[in-house]
Amino acid sequence: MKNQLIIFSKNRACQLHLLLESIVKCSTDLFNNITVLYKSDSGYESGYELLKKRFKWVNFKLEENFRKDTLELINYKCEYTTFLVDDVVFFDKHNSTISDVTEYMNTKDVLCFSLRVGTNSTYSHPANMHYKMGEYETNGKFIHFNFREQKGDLSYPLSVDGHIFKTTTIKDLVSNAMFHNPNTLESNLQQYMRGNLPSNIMASFIHSKMVSVPVNLVNDTFKNRHGLEFYISEEELNNRYLGGEVISYYDLDFDEINGPHKELEYKFAVYDLT
């Protein structure tokens with residue numbers, strides 16, 4: 001079984017570098033090929049050119065028409081599809097292959113497998129809301145639950161940030177939605193929650209494996225909560241990246257991840273060319 005990863009990025013090459021580095025450290029066995037669909041305003045193009053040189057095994061596509069580009073990238077040759085945004089970082093090596101995950105998905109007939117939730121998920125940063133996990137079943141290192149009986153992030157299966165879908169399922173849903181950026185894609189996918197989805201079951205690892213770090217904002221569609229503790233602009237990050245610095249993965253504090261989004265303090269190191 002093959003799983004294609006499509007990463008959406010805008011003006012954040014420095015954070016995208018951290019994401020790709022974290023995949024190498026924690027999650028290479030989950031993704032068979034990776035494509036970055038990116039958009040860069042004036043002054044940010046050089047960061048992506050630098051990324052292309054540093055991550056030659058990643059495919060990069062400059063956005064022309066977001067909806068058309070996204071649909072073209074969802075390739076039926078890969079049985080599974082995952083989306084991510086560029087402020088994500090993986091923090092826990094899971095020692096699982098995509099075959100382990102997809103076998104569990106098929107056995108339990110789940111709609112999606114989430115990398116961003118787990119029994120540690122108790123707080124929604126975007127909604128500023130605390131919640132508790134309802135009933136779930138455990139099977140080895142995996143859990144599954146009825147998302148319609150859950151609250152908060154556990155009731156949100158159609159995220160475009162860290163959920164593994166069957167390609168046939170997600171392409172059908174995406175094809176029938178209108179959108180022009182990642183935010184409107186995710187927002188408009190929620191219309192299907194009112195109808196009959198192929199399954200009401202979501203699965204995950206017992207503990208989440210990735211987190212989005214909302215320290216800045218690059219979309220102009222939704223004013224998501226960001227930078228309340230550790231704000232740093234995409235401009236400063238870009239300047240540091242072009243100046244030879246990267247966000248230091250080993251200086252990030254992952255001790256209290258309690259949901260899919262959490263602000264973390266970025267510290268920097270000189271990029272190692274060796």
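Restricting segment 257-274 to residues that are in contact with a helix residue (DSSP H, G or I) (Cβ under 7 Å, 6 or more places away or on another chain) and part of a loop (DSSP other than H, G, I, E, B) leaves a set whose member that is farthest from Leu18 (Cα to Cα) is Gly259.
Scanning segment 124-133 for residues that are part of a strand (DSSP E or B) and either open to solvent by less than 30 Å² (accessible area, probe 1.4 Å) or farther than 11 Å from Lys151 by Cβ (or both) returns a single hit, Ser124.
In summary, Ser121 fulfils each of the numbered conditions (1) open to solvent by less than 60 Å² (accessible area, probe 1.4 Å); (2) touching a strand residue (DSSP E or B) at 6+ places or on another chain (Cβ under 7 Å) with the single exception of condition (2).
Being in a loop (DSSP other than H, G, I, E, B), surrounded by fewer than 16 Cβ atoms within 10 Å (Cβ to Cβ) and modelled with pLDDT of 95 or more: is that true of Phe222 here? Criteria not met by Phe222. With respect to the conditions (1) at pLDDT below 95; (2) among the β-branched types (Val, Ile, Thr); (3) open to solvent by less than 80 Å² (accessible area, probe 1.4 Å), Ile206 falls short on a single one, namely (1). Could you grab the pairs with beta carbons closer than 6 Å, sequence gap of 6+ or different chains, first residue in segment 60-76 and over 19 Å from Asp86 (Cβ atoms), second one in a helix (DSSP H, G or I)? The qualifying pairs are Tyr76/Thr167. Only one entry in Ile206, Ile143, Ile164, Ile201 is within 22 Å of Tyr104 (Cα to Cα), in contact with a Cys (Cβ under 8 Å, 6 or more places away or on another chain) and not basic (Lys, Arg), namely Ile164. Across segment 11-20, a minimum of one residue is classified as more than 22 Å from Asp92 (Cα to Cα) and not small (Gly, Ala, Ser). Among the residues of segment 71-87, is there at least one that is modelled with pLDDT of 95 or more, over 25 Å from Cys112 (Cα atoms) and among the aliphatic types (A, V, I, L, M)? No, segment 71-87 contains no residue that is modelled with pLDDT of 95 or more, over 25 Å from Cys112 (Cα atoms) and among the aliphatic types (A, V, I, L, M).
Among the strands (runs of 3 or more DSSP E) confined to segment 1-104, the ones with at least 3 residues that are among the polar types (S, T, N, Q) and touching a strand residue (DSSP E or B) at 6+ places or on another chain (Cβ under 8 Å) are located at 3-10. Filtered by the rule that a residue be over 17 Å from the mean Cα position of the chain (by Cα) and open to solvent by less than 10 Å² (accessible area, probe 1.4 Å), segment 1-59 gives Gly47, Tyr48, Leu51.
Considering every residue within segment 104-116, establish whether at least one is among the charged types (D, E, K, R) and over 26 Å from Asn11 (Cα atoms). So far as segment 104-116 goes, yes, one or more of its residues are among the charged types (D, E, K, R) and over 26 Å from Asn11 (Cα atoms).
Residue pairs whose Cβ atoms lie under 7 Å apart, sitting 6 or more positions apart in sequence or on different chains, and linking a residue in segment 151-167 that is more than 13 Å from Leu197 (Cβ to Cβ) to a partner that is open to solvent by less than 10 Å² (accessible area, probe 1.4 Å) and assigned to a helix (DSSP H, G or I), are Leu154/Phe147; Val160/Leu185; Ile164/Val101. Per the conditions (1) under 21 Å from Gly259 (Cα atoms); (2) open to solvent by 20 Å² or more (accessible area, probe 1.4 Å); (3) assigned to a helix (DSSP H, G or I), the sole criterion not satisfied by Phe230 is (3). Restricting attention to segment 132-155, the residues that are farther than 13 Å from Asn120 by Cα and small (Gly, Ala, Ser) add up to 2. Do you know which residues across segment 240-256 are open to solvent by 90 Å² or more (accessible area, probe 1.4 Å) and assigned to a helix (DSSP H, G or I)? Scanning segment 240-256 gives a single hit, Tyr250.
Right, Val213: buried (at least 19 other Cβ atoms within 10 Å of the Cβ) and modelled with pLDDT under 95 or not? Please lay out each step first, then the result.
Numbers: buried (at least 19 other Cβ atoms within 10 Å of the Cβ): yes; modelled with pLDDT under 95: no.
No: the conditions fail for Val213.
The values are calculated or read from the model by the stated rules, or taken from the named source; none is laboratory data. None of these values were measured; they are calculated from a predicted model. All Cβ positions, glycine included, derive from the backbone under ideal geometry; neighbour counts span all protein chains shown. Quick note on the areas: whole protein, heavy atoms, side chains included, nothing else; ligands and nucleic acids left out. Shrake-Rupley method; radii C 1.70, N 1.55, O 1.52, S 1.80 Å.
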